[in-house]
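Q: Just dropping this structure here.
Bear in mind that the values in this text are calculations on the coordinates, not laboratory data. Treat the numbers as computed from the prediction; the structure is a model and nothing was measured. Here the Cβ is made from the backbone with ideal geometry for all residues, glycine too, and neighbour counts use every protein chain on show.
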Amino acid sequence: MRLYVTFTSPYARLARILVIEKGLTQRVAIIEAKTRTVASPYYAINPSGRVPYLIDDAGVGMEDSQLICAYLDALDGAPRFHATVRSADWTYRRAEASARSLCDGLSVWVREMHRPDNERSPALLAHEVARSERLADVFEGQVAEPLWAGAPGMAHLILAAALDVARKRGPGDLTRGRRRLAAWHQQMSELPSLQATALP
């Protein structure tokens, strides 16, 4: 299988984490895609130009980190990050959706900051910073709950990836001044799969 990524995308990182966590490093080749480039050869592979993009053993391609992560997790018939019990747990699913909202908003901020100075929207940037601070406050209150203390699921991976984006490429460290969130993030950051896929 071939997994097309960029090494700065938190969404591609989630797929790379699953490759490691599921013991698929010998089965899935990680290939860096050239995105946001005129006439990139990657567009012939994935016309949308987005990452991650997985081509499976049958040569069939699939896009979207949620789909790809679920597919990789299910390959051995024993999904750990998309367990059936979690799909029926609305508390867990709400937490995962909130983590994804944080990641999405930070990604919008990063893309906006890559525009020329005179094309950036101060209102949009301020909106995403405020959103990230509000959500970080929510997670500061939540991470002490049992849901966040158990075996990692996608919610855990998404939140950890989002916090890394904020600190390394985004508006700043969202764990600063949030003691519980900082401790939780430090513990998650010790996972070998997160260390191996750390953002540049």
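Q: Let's test the formula: R0 of 35 Å, r as the Cβ-Cβ distance of residue 58 and residue 120. What FRET efficiency results, to the nearest 0.05?
A: Working: r = 43 Å, r/R0 = 1.23.
With R0 = 35 Å, the Cβ-Cβ based efficiency is 0.20.
Q: Now for a separate question. I want the antiparallel fraction of DSSP beta bridges within the chain, as a percent rounded to 5.
A: Numbers: 6 of 10 bridges.
The antiparallel fraction comes to roughly 60 percent.
Q: Need one number: % antiparallel among DSSP beta bridges in region 2-74, to the nearest 5.
A: Values: 6 of 10 bridges.
Of all bridge pairs located within region 2-74, approximately 60 percent are antiparallel.
Q: Rg and Dmax of region 84-191 over Cα atoms: what are they, in angstrom?
A: Expressed in Å, the Cα Rg and Dmax of region 84-191 come to 14.4, 49.
Q: To continue, here is another question. What 222 nm value per residue comes from the helices of the chain, counting each DSSP H run with n ≥ 4 as -39,500 (n - 2.57) and dividing by all residues, nearest 500 deg cm²/dmol? Write down the numbers at each step before the final one.
A: On the way: 9 runs with 106 residues, N = 200.
The helix-only estimate for the chain comes to -16500 deg cm²/dmol at 222 nm.
Q: To continue, here is another question. If Lys and Arg each add +1 and Asp and Glu each add -1, what is the summed charge of the other residues whose beta carbon sits under 14 Å from the beta carbon of residue 36? Please list the in-between numbers first.
A: Working: positive: 34, 50, 111, 115; negative: 32, 112.
Every neighbour counted, the sum reads +2.
Q: Taking K and R as +1 and D and E as -1, what net charge do the other residues with C-beta under 12 Å from the C-beta of residue 11 add up to?
A: On the way: positive: 13, 16, 50, 100; negative: 63, 64, 104.
Charge balance near residue 11 sits at +1.
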